[in-house]
Structure formats: C-alpha cells, structure tokens
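> Following this message is one structure expressed as structure tokens.
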6 protein chains.
Amino acid sequence: TEVFDKDLYETNDLAGVVTGLAWTPVGGDILFIESLLSRGKGGVTLSGQLGDVMKESALTALSYLRAHSDEYGIDYRIFDNYHLHIHVPAGAVPKDGPSAGITMTTSIASALTQRKVKPHLAMTGEVTLRGKVLPVGGIKEKILAAKRAGIKEIILCNKNKKDIEEITPAYIADLTFHYVDHVDEVLKIALLPEKVSKPIDFVFPEEKKENVLV
Amino acid sequence: TEVFDKDLYETNDLAGVVTGLAWTPVGGDILFIESLLSRGKGGVTLSGQLGDVMKESALTALSYLRAHSDEYGIDYRIFDNYHLHIHVPAGAVPKDGPSAGITMTTSIASALTQRKVKPHLAMTGEVTLRGKVLPVGGIKEKILAAKRAGIKEIILCNKNKKDIEEITPAYIADLTFHYVDHVDEVLKIALLPEKVSKPIDFVFPEEKKENVLV
Amino acid sequence: TEVFDKDLYETNDLAGVVTGLAWTPVGGDILFIESLLSRGKGGVTLSGQLGDVMKESALTALSYLRAHSDEYGIDYRIFDNYHLHIHVPAGAVPKDGPSAGITMTTSIASALTQRKVKPHLAMTGEVTLRGKVLPVGGIKEKILAAKRAGIKEIILCNKNKKDIEEITPAYIADLTFHYVDHVDEVLKIALLPEKVSKPIDFVFPEEKKENVLV
Amino acid sequence: TEVFDKDLYETNDLAGVVTGLAWTPVGGDILFIESLLSRGKGGVTLSGQLGDVMKESALTALSYLRAHSDEYGIDYRIFDNYHLHIHVPAGAVPKDGPSAGITMTTSIASALTQRKVKPHLAMTGEVTLRGKVLPVGGIKEKILAAKRAGIKEIILCNKNKKDIEEITPAYIADLTFHYVDHVDEVLKIALLPEKVSKPIDFVFPEEKKENVLV
Amino acid sequence: TEVFDKDLYETNDLAGVVTGLAWTPVGGDILFIESLLSRGKGGVTLSGQLGDVMKESALTALSYLRAHSDEYGIDYRIFDNYHLHIHVPAGAVPKDGPSAGITMTTSIASALTQRKVKPHLAMTGEVTLRGKVLPVGGIKEKILAAKRAGIKEIILCNKNKKDIEEITPAYIADLTFHYVDHVDEVLKIALLPEKVSKPIDFVFPEEKKENVLV
Amino acid sequence: TEVFDKDLYETNDLAGVVTGLAWTPVGGDILFIESLLSRGKGGVTLSGQLGDVMKESALTALSYLRAHSDEYGIDYRIFDNYHLHIHVPAGAVPKDGPSAGITMTTSIASALTQRKVKPHLAMTGEVTLRGKVLPVGGIKEKILAAKRAGIKEIILCNKNKKDIEEITPAYIADLTFHYVDHVDEVLKIALLPEKVSKPIDFVFPEEKKENVLV
Ligand SMILES: [Ca+2]
Ligand SMILES: [Ca+2]
Ligand SMILES: [Ca+2]
Ligand SMILES: [Ca+2]
Ligand SMILES: [Ca+2]
Ligand SMILES: [Ca+2]
Ligand SMILES: [Ca+2]
Ligand SMILES: [Ca+2]
Ligand SMILES: [Ca+2]
Ligand SMILES: [Ca+2]
Ligand SMILES: [Ca+2]
Ligand SMILES: [Ca+2]
C-alpha cells in the first residue's frame, strides 16, 4: 500500500521546516513545525490551534536560542528586526503538550541560521529553558508513525532509550536512533552545515547614533 | 430559475476580492474574501465573525506573503505603513475552518499588488506557512455551489483530485480544474498581470536618517 | 395620539448623527448612530452595548472610508490625529447585527466631512468591505417604525425591493424609497453638500521633517 | 431622627465631586461621582465596581467634553497630559446603568475647568454622545432619597417631567426642578462661575518643535 | 500563651510596610500592605491574590496621592520613573473588599516619601477618590485581632466610633483610637517626620530639551 | 534502587538554575526553577503551567531584586535591556502556590549576578515584597523527596523549624538545615561568590544624551 504522508519526500531546501512525532488517541502521527521570519519588529505569531503547554514550549525554545545566539552564530539583531511565525499544520487540529520542544527549537534555529535540516529525520522530546531534554510518552506509537512515513533517523531523550529497548529489534532495524540529554546535541545532529539555496539576506536598520557636533 | 448569487457577474476591477467555496450544514456555498489596505501603521483587522482557525489562517497567509514579498514584487514597506482589513461577508454568519487559506492568500496578494483577480474563478484549500496546499473536505457540495453561481474555473489541492474523480464527468464538463501543491501555483493562476483601473498609489514616509554634520 | 419619537424633528445641524432602522422582538424601532471626533491619536471607542457583529460592522465602515478617503474629500490625517467615538443610544439596550452598516458608514462619513445629513431620512442595510450593500431582514416592521417617527425617505438594498413590494401601496404612499447596491450611492443620497454651521476646524501637528544642514 | 447622609453638608470647594441619584432594589439613594486629574499621559481609570453600561457612560461623557472643549474653555492639552480617574463610592457596591450620564459629565467638566459645583444639587439622566439628555426610571424613589439627604435642586430630563407631576405637590414643595434636553443646559446650571479655592495649575510640556537652523 | 504574630515587633525602619485589619469568616486578623518602588517606567504591579474591589482600592489610593503629590512633598517625577509594586501577604490567601483603603494609601505614601510609619499602629477604613474616609464592618473582630498582635493605636472612620462604644471599655483600655474623616488626617498620624535609615535616593533622567542652535 | 532524579548530580555551572521542593497530592518532589536572560527590552515570560499565585510569586521576587539591585551588585540597566524568562519544568504539569518564593528569588538573583548556586542545596519558603520569609506546608514530604534526590542542605523559614523537630532525628542526620527569616539570608547561603564559567557579558546601549552645542 501507499505511504501515508508523501511530505517527507519533499526537498529539505526550505529553512525552518522540521518533522516531529505526535501521539494522538488514534495512534502516532508525524507533524511538521514550520518557522518563518519576515521583516518586522520582533513579534511572535503562533498558529495551528496550539494549546497552552505547546505555546509555552515555543516561547521556551525561542528564549533558549535568544540567550545562546552567539553560540549558534545567530545575529541577535534578528530578534528585534524580524517577525517570527511558528505554524503547525493541519490548521484545524488542536494540538498540545511539551513533546514538540526539541522540534520547535530545531525549527526556529534553522530559520534563524537559514541552515538546512537533515532529511528523513524526526524527533520528539521536551526541552527546558536551560536546554535539558526530558523524556516523553507514546514512543512506541510515534516510532510506528515515523516508519510509515519513511523516516530514517530519530532523535530521542536518553531517558526514552528504555522505551526503544522494549520494541522488537527487527522491527526497527532500519532506523537510526540518537539519544540526547541536551538540545545542543539535537542541533548538532539536525542542522546541516550548508544553508538553503535561497537564504534570507538579513537586513537591519542603521543603528541609531548620537549627533556628534564639533 | 434564477442564479443564486448575482455577485459573480460583477466586475473584477477591484483589488482584494476573491471567491472561495464553503461547506455548510445545509450544503455548499460561495463566499467572498475582501482585503482592503488603507494608510496606517501595519495593523490587521479581521471581521465577519471568523472563528479561531480561520483567523489563524488569515495570519498565516499574511506571514507567507510578508516573508516572500520580494518574489511577488510587493514593497515590504506596505506592511508597516498600511493597515490591512480582511472581511468575509455576510457579517452575521459565523465562519470557521482552514479551507479558505488559499483564498485568503490570493485576496491579500491582490490587495498588496493591486493586480486583478481572474474572473469566474473560485478556490478552496488549506495553506501552511511554507506555502504547501493541503486538501479539504466537502468538495462535492462546494462544486455544486460553484456551478450554481456561474463559476468556470476552480483551484483545488492535488490531493483533492480523487474527490473530483468521483463526480459524474458530464456534470462538471463545463468546469476547468486546476490542481496545485503550493500556493505559488495558486497565485500564478489567480492573479492577472494587469492592475485594477484605479490602483492605490502607495506612499511612504521619508525614511528616518541621522543628521550628518560636518 | 402623539408621535412616538420627537427626535426626528430635531435639527440636522449636527455632523455624525444618522437615523437607522432596527428590528426588535417587539417590533421595529428607529435608532440613532452618533459619531464624534475629538483631537487624539487615531483610536476608536464604541459604546451603547454593541454586540460583536455590530462592532465589526463599525470597523468595516471605518476601514472603507479610510481606504476611500480621497474620493470623499476626507483629509487622511484625521484618522491619525483625531479620536472617533461611535455611540448608539439608548445606552443600556443591547444591540447587535449587521443591518446598521450603511447607517454607520453615513454617520462616520458625516463626522469626517462635517457635512449635514439629509433630514427625515432613515436607512437599513449591511455593507461589506468593498462597499457592496447587502439585504437585511425585518423590513416590514422597520417601515412601520419609520412612518410612526415621521420619516419621509428610506434607503434600502436593491435586494430588499421585493420586501417593499409586498406592503400595501397605499400604506407607504407618502414614503420615498431609494434602492442601492453600493454604499457610494448611499452617501450620495444621504450627505448634503453643505457643512454644518459650526464644522470642526481640523488641525494637525506639523509633519516631522529631517533637519537639512548645509 | 438624623439625616441619613451627612455628606451633602460638606463643602463644595472640591472640583469634580457631583451628587447623583440612584435606584436600587431597596429604594432610591444618592451617590457621588468623583473625578480627579493628576499629571500623566491621558489615560482613564474607572473604579467603584462599575458595570459595562456605566463604564460606557463615563467614556461617552468624556468624549463629549473632549470634542467640545473649546465651548467650555477647557485646554485640550489636559486630555493628553493628565490622567483622569473617575470613582463612585462605596467601592464594594456594584453599580450599573446609564442614568449617571449627566452626573458624570458634570463631574468631569468640573475637574477639567476646576469650577465649583452648585451646592445642594443632585441630578439623574442618560446622556448621548451628541449631548442629548434621555429620561431614566425610578424617579419617585430617587426624589425621596434626595429629600432625605437635604438636596434642594434637581436636574432631570424634560421627558421625566411627567414622573414628577405624578407626585403629591406638597411633598416636593421645597424642591426646585430643572428640566433639560441637552447636557449643555445641565452644565450651565451645575457649574458655578468661580473656581475652587485651590485649583490645579495645569502645566504642559513644551510643545516639540523642529530645529530651525539658519 | 504566645502572641500570634510576632511580625509587629519588627522594626519600622522599612518604608511602605503598614499594618491593616481584616475581617475573615473565622475572625479578625492583621494584614500587612507592602509597597515597594524600583526604577522603571511608572507601571503598577498588584499581588497577593487581590480581588476586584481591593485592586480598585489600590488604584484609587494611588490616584489620590498622585493628584496631591505637592501637598505631601512627593516629587511627581517618581510616578513616571519608578515602578510601584503593592503586595499583601500571605500570597495564597484570596483577599477582597475596600476596607484596606487607608492602609494602602499610607503604605504608598510611605514608599513615595520614604518616611517611617508609626510603630504599633493599625488601621481600617475605605477611602474615596477625594480622600473621604468611609466606615467599614467587622470592627469588633478586628480590634480583637489587633490586641492579640500587640497593636497600641488604631485609626478608624469617625462613623465607626459607635462600633467601639459598644465594646466593654475595660477591654480596650490599653488601646488609643484615632477617629478620622479624611485620609489627610490618617497620613498626619501614621507617617513620622523622619525618613527610614536607608531611604531611596530617587534619580531621574535628564529632562529632554530641544536643541537650541544659534 | 536507583535515585529518582539524576538531575542533581549535574553541574552547577549554569546561572539561574535552583532546586525547590514541592508538595503534591502523591508526595513531595523536587522541582527546578530556571531563569534565563537574553538581550531584549525588559519583558518577563513565565512558563511551566504556573498558576496565579506562583506567577505573582515570581513577580514579587523580581520586584524585590529590582528594588535592592544595589545591595546585590546588580546593574539596574539589566532590567530594561534584557528579557527575563522563568520556566519550571516539567512543562505540562500545572503548578501553583507561594512556596517557591525563595527559590525563584535565588534563581533570578543568580541569573542577574551570573553567580553559581551552591550544589546539593534545596529550599522552600514563601517570600514577601519586603523580603520576609514565611513558613510553608508539606515539610515532611518535601524533606523525603529531597533525601531521595541526593540533597545535602536545605533552607527553610525559621517558623518551619518546629516541623523538622517532629521528624525522627536519625532520619535526617545527613541533612544540614538553614533556618531563615529574610530572603537576604537565603541569598547569602545559596549564591557562591564565584561566577559561572561562561558568564553573560552584559552590554547596554549608549545612554542617550542631549546635544550640547557651543
Ligand atoms: Ca498525517
Ligand atoms: Ca491549558
Ligand atoms: Ca450565498
Ligand atoms: Ca475555536
Ligand atoms: Ca424609540
Ligand atoms: Ca457574539
Ligand atoms: Ca447612602
Ligand atoms: Ca453587562
Ligand atoms: Ca495572621
Ligand atoms: Ca469581583
Ligand atoms: Ca521528579
Ligand atoms: Ca487562581
């Protein structure tokens, strides 16, 4: 039979689009986090019928990257001179929970650096403000959904390793797992060194300076 | 008998007015998205008793166009110096759902470019922040409503092709269908190259510059 | 017996006051839309216990006039340098619905132009953002209320003509009906060319200019 | 027995304090509207557990005075450079309704002009944005409360005259009634020409001017 | 047995901390109002699970002091250049009602003037915007709580005198009562002339001035 | 058996991360308060599904430190030029109550000073705006959770000493208790003199100065 979502065969030549894994009452599913920057004044728009916890998750990811912009080669002026919109399709499906934390961090980081995201990669894990990755639930269903969608590599919290060890090895033989403790490891794995083919050429207003009259 | 809505026989010499297709409990219907720019400070007003999902849909369409303004020949200064109002008549009928996504994108794009919209054209489809078009429901009822209203061409998501293939061919023989995957294709079809007869002559305040005293 | 509302015999020498027609569970009634400008920063206050739909109706009317200010000889600087308050007495009666759309447009337009409103005139009709006038309900009851209050002329949507044709001709022999499709026609009928006797003398702050030092 | 509220015997040497008449489920009562200006940026604070209708009533009164500041000798700069607080004691009693409209207008006008309010005067009446005074209910109970509190003069809407005519003349022989149609008449009666003994000496920041370099 | 709250034996060498008296369903209690200023832009934070009426009470106290800053030797620039936080411990106990009005006024006044508050003093009374003190309930229970906590002097509204006269004289022999009509009397009693040992040294940004070029 | 939370064995070389003790319906638990500063305009973000009381607790802690910045060697310009985000993992667990007050104060203080937090230390206690530490409940369960997580030292309010005295001495022999009355004592104990290895190098925009033309 046909693969459920053809989405994964699309190009990865678009900054800010990252694949996450979701648990739903009817099984696991993949989801996409889309982050997009446009010239603006530093605001943030969240859409996709996100619940409170998921909104906080997005703001936490953003604060982490803002505080660590130097380490990731992000020009801090972007935060004040561009508008960030984070959307999670499909637009009518309510979504909540903290497990998209590392996916959101990766999506925003890709938008801010304009670096490509590794193809055929998915991830799931909560992230705290200091970058610590926390384990999440529904791992088995999520792995199933990932396989169905053609995913090859998966990033999980180290503390979720035990959930993988309970799955029949043959079933996941063609999947590569990355276990992490910190979101820094996530970004090292997920963000490729090269930029997308049409990266944003960030522009900033001239910094205001005082008149100097001599 | 008389055609239900005479609205479609009106001129298309007005930027920002695009025909969408809606599903309602009592059958399909056409609806109009109206986008209007006036001098202002970059705010957005949404009216027509729009629900959460539809409001997010409008903001997502706007962010897409804002981030891709260069590609569509849109002066980015419009976003900060004009106010955008999006209205969906009739004003007292509550409306919701993501399926007006591509209609909203086209409506805003027409307002921003002041280009005419192709006449006798209707469309329905969700759009994500990266411009991907997603399939929507109620296709059969929507096609019925479009015919009744004198529509000649319809834009749908590629994944909705199968819904059209289930309709008796003779019934839709006089309709042209455009199947798309990306909102960029939608705009290529829907926006005519010529501008409306009285396009807005966009004006911007002088950019602030620093005194240079020598 | 005495005429129900003596309000109509008042002078029309006040900008921004326009008579509308309302449907209520106990019959039709006339209502007044009052628009008032005062020096400010461009904000809008709505009062009179207006519901969501009626508030959106006011904002839509305002956006229409803002976008078309040139056509009506309105100085666009008013929108940023004056505060607009729209009130609908009586203050304790909740009101909702889109049918005051053309009345609100006329009221705001009269305030912005300081032109007199035609006396003994009432109107009812929804208006969309592109200025299209839509039909409304309760026509019969509204006409009754208008007669009772001494109204001589009534503006209605063309599509409401059929509702008037169902009323016994003798009953409405002393009323003149204007059927319109666009709010532009409404304003042509409702706004007299002369200004009120004490029109606001609009003042604006000096436009900011850059120092030019040579 | 003792008079219920000794409040009325207090001095009227305080700008912004005006006596209103309220209807409550347990009979009429007097209430005080207190308006106070302090240096600020033009904001408004409303307190005293005011309901929606009463809050709108305050904003309508304020807009009226703002638009007509010239006629009352009010420096329009006060509106942007002072903060207006309107409080209605007692602070824990919920209050609502439009009937304090003329009382609020008088209170704000007294604060803005620093003129004394006529002593032993009370009033009740709705006011619209164009200054029209509308009749209100509970007149009988309100008059009773006014007498009990030592009030000598009362301002009412002309249309409330009939409510007074239903009261036994002997009972109200010691009260003077002023019937009005417009808030302008209210202010003429209620505001004395002299200022309070310690009027605010309004100060304004220097108006910003452009550099003029020659 | 031990005194319930040792809090009162603490130093009064801290500006902004004032003791109030509260009525609760299980008896009277003392409470503390804490006001603290820090450099900022004039905002106000209220905390301690305060209800609507108590929040309005705080804003009314603030407006009173702001309008009368000259009389109390308060530099009006503090209001725009410092942030005021008012907290009422314990943080998890919901509190409401207007009876902390004079306590809040005293607390804010002490913070603004950095003057010490008289030790072993408690107070309870509503205050209106013009500074009038209104009587409050639960006096008996409040006096009991005050005695238990070691309070020596109590400020009450003149109209609450009758409540004290109903208490057995011997029981309150060691308490001094101050009956007041106006918050000005409260501040005269409660604020000592000397400042706290480490008063805030208020600093203000240079006032902006226009360039004068000759 | 394995220790419940390995989190405590992590480095303390991260500013702003402090261990608190929480009471839950199923027993005590440790929690982490994470404070993070990034360049911004002085705003505050709170996340972790915090309830009203806990949010107020965070704002109270912040106001205390802002008002006392001099005493702790905090550059007051940080408050206006950096954004503070406070997060309490796990992100999906609702949390409320005032008992994290001293933990929040310590966390924010560590972020503001970039000083290390003492390792193997936990704390619980409400804090008021004047810095007074108040006792909290659930002490027994919290101590149990602290032991299980490898905590060595615990800070409590002096008034909670009696709760500790009710625990079998042998059980808590390996724990050191610090009893305090003021948050100043908490910070003296919890903040080590040395800074984290990669402290933020705070930068501030040039202070605006007036042109001086001679
Ligand atoms: Ca799917
Ligand atoms: Ca929630
Ligand atoms: Ca239709
Ligand atoms: Ca919804
Ligand atoms: Ca009427
Ligand atoms: Ca509604
Ligand atoms: Ca009374
Ligand atoms: Ca209400
Ligand atoms: Ca107590
Ligand atoms: Ca309440
Ligand atoms: Ca735990
Ligand atoms: Ca709560």
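No value in this document is a laboratory result; all are computed from the given coordinates. Here the structure is a predicted model, which is why all the values come from computation and not from measurement. With ideal geometry, Cβ positions are generated from the backbone for all residues, glycine too; neighbour counts draw on all protein chains shown.
> Ordered by residue, what ³J(HN,Hα) values in Hz, to whole numbers, does the range F:160-176 give under the Karplus form 6.51 cos²θ - 1.76 cosθ + 1.60, where θ = phi - 60° and Gly and Pro are x?
Values per residue, Gly and Pro as x: 8, 4, 4, 5, 6, 5, 8, 8, 3, x, 4, 5, 10, 4, 8, 10, 9 Hz.
> Dipole of the range D:6-195, Cα-centred, from +1 at each Lys and Arg C-beta and -1 at each Asp and Glu C-beta, to the nearest 20 debye?
That gives the range D:6-195 a dipole magnitude of about 140 debye.
> In whole angstrom, how far apart do the alpha carbon centroids of the range B:125-166 and the range A:51-98 sit?
Measuring centre to centre over Cα atoms gives 32 Å.
> If one takes the longest principal axis of the Cα atoms in chain E, at what angle in degrees, from 0 to 90 and to the nearest 10, does the Cα axis of helix E:52-67 lie?
So the inclination is approximately 50 degrees.
> Between D:Thr168, D:Asn12, D:Ala90, whose Cα lies farthest towards the positive end of the dipole of the range D:6-195 when Lys and Arg beta carbons carry +1 and Asp and Glu beta carbons carry -1, centred on the Cα centre?
Looking along the dipole axis, the top candidate is D:Asn12.
> Label B:Lys55 and F:Thr24 with points 7 Å out from Cα along Cα→Cβ: what is the distance between them in nm?
Distance between label points: 3.4 nm.
> Sorted from shortest, what are the nm distances separating the label point of C:Tyr171 from equivalent points in the other copies, each placed 7 Å from Cα along Cα to C-beta?
Copy-to-copy label distances at C:Tyr171, shortest first: 4.3, 4.3, 7.5, 7.5, 8.6 nm.
> Let me ask something else. Near the amide H of C:Val127, under 5 Å away, which other amide H atoms are found, from residues 5 or more places off or on another chain, if H is placed in the peptide plane?
It is C:Gly101, C:Ile102, C:Leu134, by chain and number.
> Can you tell me the orientation of helix E:139-148 relative to chain E, as the angle in degrees between its alpha-carbon axis and the longest Cα principal axis, to the nearest 10?
Roughly 90 degrees, rounded to the nearest 10.
> Same structure, new question: What are the residues whose amide H is under 5 Å from the amide H of E:Val17, where those residues sit 5 or more places off or on another chain and H is modelled from the backbone?
E:Ser35
> Now, a different point. Would you tell me the mean number of C-beta atoms belonging to other protein chains that fall within 10 Å of each C-beta in A:68-77, as a whole number?
Across the residues of A:68-77, the mean count of other-chain Cβ atoms within 10 Å is 1.
> Where both residues lie in chain F, what percent of DSSP beta bridges are antiparallel, nearest 5?
Percentage antiparallel, nearest 5: 55.
> In peptide D:89-96, what is the residue-averaged number of other protein chain Cβ atoms found within 10 Å of each Cβ?
Taking the mean over all residues of the peptide, I get 6.
> Still on this structure: Using a label position 7 Å from Cα in the Cα→Cβ direction, what is the ascending list of nm distances from A:Gly51 to the same site in the other copies?
Label-point distances to the other copies, shortest first: 1.9, 1.9, 3.2, 3.2, 3.7 nm.
> Efficiency by 1/(1 + (r/R0)^6): what FRET value for F:Phe204 and B:Asp70, r their Cβ-Cβ distance, R0 = 30 Å, to the nearest 0.05?
0.30
> Sticking with this one: Compute, for the protein assembly as shown, the length of the dipole vector about the Cα centre, with Cβ point charges of +1 (Lys, Arg) and -1 (Asp, Glu) only. Units Debye, rounded to 20.
Here the protein assembly as shown has a charge dipole of around 380 debye.
> Now for a separate question. When each pair of different Cα atoms in chain F is counted once in the 1/r mean, what is the Kirkwood radius in angstroms, to one decimal?
Roughly 17.8 Å, rounded to one decimal.
> Sort shortest first the distances from E:Asp80 to its counterpart in every other copy, using label points 7 Å along the Cα-to-beta-carbon line, and give them in nm.
1.3, 1.3, 2.3, 2.3, 2.6
> I need to check one value: relative contact order of chain F, counting alpha carbon pairs closer than 8 Å and at least 6 residues apart, in percent.
Contact order relative to length: 26 percent.
> Shifting gears a bit: Quick one: how many lysine pairs in the range A:67-166 have C-alpha atoms under 18 angstrom apart, if they're 8 or more apart or on different chains?
16
> Is there a simple number for the mean count of other chain Cβ atoms within 10 Å of the Cβ of residues in E:15-27, and what is it?
Across E:15-27, the average partner-chain Cβ count within 10 Å equals 1.
> On to the next question. Counting only residues 5 or more places away or on other chains, whose amide H sits under 5 Å from the amide H of B:His182 once H atoms are built in the peptide plane?
Amide H neighbours of B:His182, under 5 Å, 5+ apart: B:Val133.
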